[in-house]
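Q: The structure's right below; bear with me while I get my questions together.
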Protein chains: 2
Amino acid sequence: MNNFKFHARTDVRFGRDQIMNLPEIIKPYGKNVLLVYGGGSIKKNGIYNILMDLLRGFHIVELSGIEPNPKITSVREGVSLCKEHDIDLVLAVGGGSCIDAAKVIAGGALYDGDPWDLVVDSSKIDKALPIVTVLTLAATGSEMNQFAVISNMETREKLGTGSPNFVPMASILDPIYLITLPNMQTAAGTADIMSHVFEQYFQKDDGAYLTDCLCESILKTCIKYCKVALENPKDYEARANLMWSSTMALNGLASAGKGGGWTCHPIEHELSAFYDITHGVGLAILTPSWMRYILKEETLTRFCNYARNVWGFEGEDSMELANKGIDATENFFKECGIPMTLREAGIEEKSLHDMAVATTDHNDMSGCYVSLTTEDIENILKNCF
Amino acid sequence: MNNFKFHARTDVRFGRDQIMNLPEIIKPYGKNVLLVYGGGSIKKNGIYNILMDLLRGFHIVELSGIEPNPKITSVREGVSLCKEHDIDLVLAVGGGSCIDAAKVIAGGALYDGDPWDLVVDSSKIDKALPIVTVLTLAATGSEMNQFAVISNMETREKLGTGSPNFVPMASILDPIYLITLPNMQTAAGTADIMSHVFEQYFQKDDGAYLTDCLCESILKTCIKYCKVALENPKDYEARANLMWSSTMALNGLASAGKGGGWTCHPIEHELSAFYDITHGVGLAILTPSWMRYILKEETLTRFCNYARNVWGFEGEDSMELANKGIDATENFFKECGIPMTLREAGIEEKSLHDMAVATTDHNDMSGCYVSLTTEDIENILKNCF
């Protein structure tokens, strides 16, 4: 079990009507609030009106239109608003995209240069305005961690950054907000949660048994409840379990005592940077292809554990058992309605090589569970084209 | 899934040599440190000397001799020292007893009356000095929660209290500190961890599936590694997994979305209050007896889940399956060397009735998983005499 630090300061308020606590939560930080949200779904589902009622007495400045893969242009706009209106607190209402944008805005508000600097070099983030979130999509885990991913369409880059200053002070997690999601977002969000766990679970065996069991627990929860939510979007138990899974998958606990670089996320970031596809869809497509590519003698035990403990499969032949787990993963995503080839997702064959090159340009892929070269990545991409 | 709040601010530093970070961690809080520890094992195992070297430059005031069931008399002594020496920070080095004492000392230092008031009425704790801990026993989970249990031998009371102000600012968790523990402490500590999980897991089914899986994960980890640690006390992987289990069992995650009152802990507090026995031993003795007493149609499914998911048992007959899980629990504690009757633990038959009465006097047992009367509790005690 490797050494680790776990420090998750976020005050999580989980459940029905927790938004009523928002005024009391944000009051200590000041009066001037930048409200960051997306394409307007919070107006359709009523959250916007509830917020405006609740936050009478605060000075609200709005930044709407945050994109699904949030752009640095939106962040720059938010930073200008913060400086212009002397903002005390950034309130993100939405999914991971809004929260990620809010984080870099909060950092940019207290930084003198272009906020893209903070994405390229996280060491430049030495302070940030306090961030509070109201989550409306179970996916990225951004509601309880320090990470943010921002895209720059000019430079065709989608890069991750992070800072302890970016950890939200509080997050409102009300599963009711998920019931109006289109099925594709529920499915893609679940794929994102599962991919976070895969990135942490499929690592060298460091004897972090409890953490491995926690990873398996989150995966089982996603598998059990995603289909329930797709069939009956109003099922509270399903929505609640998926929402809590998203937070638990990436607040530090699923890697406690483990380590190693991520694989599918860096590759997927290039898919999104080149084609602006849905992050979770890209991850779902890549995952089985990656798993098959790295399945070999050294990784066999872990893949067998996965097949046994997550899917409940049994079997004498280890390689067969491992493949059963991978096949089940692919079928699961398919049954959730996710297009499972890059072609179906709108990606062109001619870009596969460039995206593989960009992956290794932007990331050191030698510390992954199985280290990958540019050629390996191109092969993985071809296998799921 | 019930509504819940999760807010665990503790900065956890887990692993080998994490104590080296202590000066940097405590520096922001001030110079004057009250060092709280127990019977002197930290002098034998070298932690004391390391601390004294590291904390040169701080003004250290010592309070040693904290008892295994910490007494209010020790707390009062600590409070006097805080007031006399203008203490800025309470540093607990030890197991849950030291940490619990440190918490009430930290509260008492900023309170005008007798610190016993803060044990009897937690609403009186409106502030506390910052608390930092160095954990040397995996058991109570006190290193990352707001709870403290203090005994008053004059009034023959052992009562729990708690406050958000009691949550440690930071905790150093180095599994190496566990390797010199006597086997009985390893076993009793593990029984305590498992009992914390049982209290949270055996509750009405509120659809908190992920939390139930986490509970099962912690139990499996305890079962897997306790015997390893008993056979080979220096096994790092075993110690690390047990240590992290103790923290995860009682930092709020194992009850997220669940609820209901505890059963064995309130009863055990009376055993300890009357006879000053080891808390974990009392819990291990009570647990199987309690489980058998409450096993019936309404609780059957949960006991079957326990037998299946924690112990890996299968079977067609539900009642048989459930009993297999309970028997396995009892055998496990036995095999860990814990005396499994109250008689062996030195408790006298004549006190059983009084301890049952004291349990219902001090606690409302109607909100437990299965609500218990004084008579029920006396029966449970008789069954494990």
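Q: Got a number for residues in the stretch A:54-72 being surrounded by 15 or more Cβ atoms within 10 Å (Cβ to Cβ) and either free of Cβ contacts under 8 Å to residues at least 24 places away in the same chain or part of a helix (DSSP H, G or I) (or both)?
A: Matching residues across the stretch A:54-72 total 2.
Q: Same structure, new question: Would a scan of the stretch A:95-118 turn up a residue that is aromatic (Phe, Trp, Tyr) and within 14 Å of chain B (Cβ to nearest Cβ)? I'd like the intermediate steps shown before the answer.
A: Here is the first cut: in the stretch A:95-118, the residues aromatic (Phe, Trp, Tyr) are A:111, A:116.
If we keep only those that are within 14 Å of chain B (Cβ to nearest Cβ) too, we end up with none.
No, the stretch A:95-118 contains no residue that is aromatic (Phe, Trp, Tyr) and within 14 Å of chain B (Cβ to nearest Cβ).
Q: So how many residues does the stretch B:143-183 have that are under 18 Å from A:Phe6 (Cα atoms), among the hydrophobic types (A, V, I, L, M, F, W, C) and in contact with a strand residue (DSSP E or B) (Cβ under 7 Å, 6 or more places away or on another chain)? Reasoning before the result, please.
A: Within the stretch B:143-183, the first condition is being under 18 Å from A:Phe6 (Cα atoms), and the residues that meet it are B:143-146, B:167-175.
When the remaining residues are screened for being among the hydrophobic types (A, V, I, L, M, F, W, C), the result is B:144, B:167, B:169-170, B:172-173.
So of that shortlist, the ones also in contact with a strand residue (DSSP E or B) (Cβ under 7 Å, 6 or more places away or on another chain) come out as B:144, B:169-170, B:172-173.
Going through the stretch B:143-183 one residue at a time, the tally reaches 5.
Q: Restricted to the stretch A:1-53, and to residues that are assigned to a strand (DSSP E or B) and within 7 Å of chain B (Cβ to nearest Cβ), which residue is farthest from B:Pro168 (Cα to Cα)?
A: A:Phe14
Q: Quick one: would you say B:Val167 is in contact with a Cys (Cβ under 7 Å, 6 or more places away or on another chain) and aliphatic (A, V, I, L, M)? Spell out how you get there, then give the answer.
A: Numbers: in contact with a Cys (Cβ under 7 Å, 6 or more places away or on another chain): no; aliphatic (A, V, I, L, M): yes.
No: the conditions fail for B:Val167.
Q: Please go through the stretch B:85-124 and give me each residue that is charged (D, E, K, R) and either within 16 Å of B:Phe147 (Cα to Cα) or without any contact (Cβ under 8 Å) to a residue 12 or more places away in the chain (or both), ordered by number. Show your work before the answer.
A: Pass one, the stretch B:85-124, residues charged (D, E, K, R): B:86, B:88, B:100, B:103, B:112, B:114, B:117, B:121, B:124.
Within the stretch B:85-124, B:Asp100, B:Lys103, B:Asp112, B:Asp117, B:Asp121, B:Lys124 meet the criteria.
Q: Do the conditions hold for A:Gly312, that is, is it assigned to a loop (DSSP other than H, G, I, E, B), under 23 Å from A:Ala187 (Cβ atoms) and within 14 Å of another protein chain (Cβ to nearest Cβ)? Don't jump to the end; show me each part of the working.
A: Working: assigned to a loop (DSSP other than H, G, I, E, B): yes; under 23 Å from A:Ala187 (Cβ atoms): yes; within 14 Å of another protein chain (Cβ to nearest Cβ): yes.
Yes, satisfied.
Q: While we're here: Of everything in the stretch A:215-228, what is touching a residue at least 60 places away in the same chain (Cβ under 8 Å) and more than 9 Å from chain B (Cβ to nearest Cβ)? Give them in sequence order. Explain how you work it out, then say what you get.
A: Initial filter on the stretch A:215-228 (touching a residue at least 60 places away in the same chain (Cβ under 8 Å)): A:216, A:219-220, A:223, A:226-227.
If the condition is that a residue be touching a residue at least 60 places away in the same chain (Cβ under 8 Å) and more than 9 Å from chain B (Cβ to nearest Cβ), then A:Leu219, A:Ile223, A:Cys226, A:Lys227 are the ones that fit.
Q: Pairs under 8 Å by beta carbon, first residue over 17 Å from B:Leu286 (Cβ atoms) in the stretch B:321-337, partner among the charged types (D, E, K, R) and in a helix (DSSP H, G or I), six or more apart or different chains?
A: B:Leu321/B:Arg308; B:Asn323/B:Arg292; B:Glu335/B:Lys227
Q: Among the strands (runs of 3 or more DSSP E) lying completely within the stretch A:90-185, list those that include at least 3 residues that are touching a His at 6+ places or on another chain (Cβ under 8 Å) and more than 21 Å from A:Gly40 (Cβ to Cβ). First the steps, then the outcome.
A: Values: elements: A:131-135, A:147-152, A:157-162, A:170-173.
In the stretch A:90-185, the matching strands (runs of 3 or more DSSP E) lie at A:157-162.
Rundown of residues vs (1) buried (at least 23 other Cβ atoms within 10 Å of the Cβ); (2) over 12 Å from A:Ser245 (Cα atoms); (3) within 12 Å of chain B (Cβ to nearest Cβ), yes/no style:
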| residue | (1), (2), (3) |
| --- | --- |
| A:Ala188 | yes, yes, no |
| A:His196 | yes, no, no |
| A:Asp205 | no, yes, yes |
| A:Cys213 | no, yes, yes |
| A:Leu230 | no, yes, no |
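Q: Being over 23 Å from the mean Cα position of the chain (by Cα), in a helix (DSSP H, G or I) and in the same structural domain as B:Ile223 (by TED's automatic domain parsing) narrows it down to one residue among B:Ala358, B:Ala322; which is it? Please lay out each step first, then the result.
A: Numbers: B:Ala358 fails: over 23 Å from the mean Cα position of the chain (by Cα).
Only one candidate qualifies: B:Ala322.
Q: Residues A:Ala273, A:Ala249: which one is out of contact with any Phe, Trp or Tyr (no Cβ under 6 Å at 6 or more places or on another chain) and closer than 22 Å to B:Ala208 by Cβ?
A: Numbers: A:Ala273 fails: closer than 22 Å to B:Ala208 by Cβ.
Result: A:Ala249 is the single residue among A:Ala273, A:Ala249 that is out of contact with any Phe, Trp or Tyr (no Cβ under 6 Å at 6 or more places or on another chain) and closer than 22 Å to B:Ala208 by Cβ.
Q: Give A:Ser318, A:Ser351, A:Ser366, A:Ser371 a once-over and let me know the one that is among the hydroxyl-bearing types (Ser, Thr, Tyr), over 18 Å from A:Tyr201 (Cα atoms) and either free of Cβ contacts under 8 Å to residues at least 60 places away in the same chain or out of contact with any helix residue (DSSP H, G or I) (no Cβ under 7 Å at 6 or more places or on another chain) (or both). Break it down into steps so the answer makes sense when it comes.
A: Details: A:Ser351 fails: either free of Cβ contacts under 8 Å to residues at least 60 places away in the same chain or out of contact with any helix residue (DSSP H, G or I) (no Cβ under 7 Å at 6 or more places or on another chain) (or both); A:Ser366 fails: over 18 Å from A:Tyr201 (Cα atoms); A:Ser371 fails: over 18 Å from A:Tyr201 (Cα atoms).
Answer to the check: A:Ser318.
Q: Something else: All but one of (1) under 21 Å from B:Met194 (Cα atoms); (2) surrounded by 15 or more Cβ atoms within 10 Å (Cβ to Cβ); (3) of a type outside the set (S, T, N, Q) hold for B:Gly367, so report the exception by its number.
A: (2)
Q: Something else about it: What do you reckon, is A:Tyr306 in contact (Cβ under 8 Å) with a residue 24 or more places away in the chain, assigned to a helix (DSSP H, G or I) and in contact with a Gly (Cβ under 9 Å, 6 or more places away or on another chain)? Spell out the reasoning first.
A: Details: in contact (Cβ under 8 Å) with a residue 24 or more places away in the chain: yes; assigned to a helix (DSSP H, G or I): yes; in contact with a Gly (Cβ under 9 Å, 6 or more places away or on another chain): yes.
In short, yes.
Q: Specify the residue that is nearest to B:Cys368 (Cα to Cα); the eligible residues are those in the stretch B:186-211 that are of a type in the set (Gly, Ala, Ser) and in a helix (DSSP H, G or I). Steps first, please.
A: Taking the stretch B:186-211 as the starting set, the residues that turn out to be of a type in the set (Gly, Ala, Ser) are B:187-189, B:191, B:195, B:207-208.
Filter once more, keeping what is in a helix (DSSP H, G or I): B:187-189, B:191, B:195.
Values: B:Ala187: 26, B:Ala188: 23, B:Gly189: 23, B:Ala191: 20, B:Ser195: 14 Å.
My answer is B:Ser195.
Q: Of the residues that sit in the stretch A:262-285 and are surrounded by 24 or more Cβ atoms within 10 Å (Cβ to Cβ) and among the aliphatic types (A, V, I, L, M), which one is farthest from A:Tyr306 (Cα to Cα)?
A: So, considering only residues that are surrounded by 24 or more Cβ atoms within 10 Å (Cβ to Cβ) and among the aliphatic types (A, V, I, L, M), the one farthest from A:Tyr306 (Cα to Cα) is A:Leu271.
Q: Let me ask something else about it. Residue check, A:Ser246 against (1) surrounded by fewer than 24 Cβ atoms within 10 Å (Cβ to Cβ); (2) out of contact with any strand residue (DSSP E or B) (no Cβ under 7 Å at 6 or more places or on another chain); (3) more than 7 Å from chain B (Cβ to nearest Cβ), all met but one. Which one?
A: (1)
The values are calculated or read from the model by the stated rules, or taken from the named source; none is laboratory data. Bear in mind the structure is a predicted one, so any value in this text is a computation, not a measurement. Using ideal geometry, Cβ is built from the backbone for each residue, glycine included, and neighbour counts are taken over all protein chains shown.
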